[in-house]
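Okay, structure first, notes after.
What follows is calculated from the coordinates using simple rules that are stated; it is not laboratory data. Since this is a predicted model, take the numbers as computed values, not measurements. Heads up, the Cβs are rebuilt from the backbone with ideal geometry, glycines too, and the neighbour counts pull from every protein chain shown.
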Amino acid sequence: MALSVKHSIPSSSGFGHVLSKPEFKVNKGNYLIFAKQNSENIPRLGVSIRKADYKLATHRNIIKRRIKNSFMKRASKFPAFDFVVLVKPGEQVKARDGLEVLWRDIEDLKVG
């Protein structure tokens, strides 16, 4: 399931808004999630991977696709927040597990 346009954060303006003053922050393994409530009434996602950490674009795209797909599977359980996921060095491109743990704290997040 692909990430739809309505569930995407516009990268130029949206990432800075979330990263400047996040309301919620989770550090899980090679992932760092920043969250901030939005006015769109739907959860939105942005993923950032540094080129210096993952040289090949195919590797960056595979990791982004895995994160986006796992987000969309659970998006109905999430509150209306903008989420920015930063991927730290060391994430295995071939790894298939570990993303379920990434979203557990987010599902319990309460608006307020």
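Quick look at the numbers
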quantity	calculated
DSSP beta bridge pairing in the chain, given as percent antiparallel to the nearest 5	65
Nearby aspartates and glutamates by direct alpha-carbon distance to Lys51 (threshold 19 angstrom, same-chain neighbours under 8 apart not counted)	Glu91
In segment 1-106, the chymotrypsin sites (Phe, Trp or Tyr not before Pro) that fall in loop regions by DSSP, at most 10 other Cβ within 10 Å	none
Rg followed by Dmax, in Å, when segment 5-107 is reduced to its Cα trace	12.9, 36
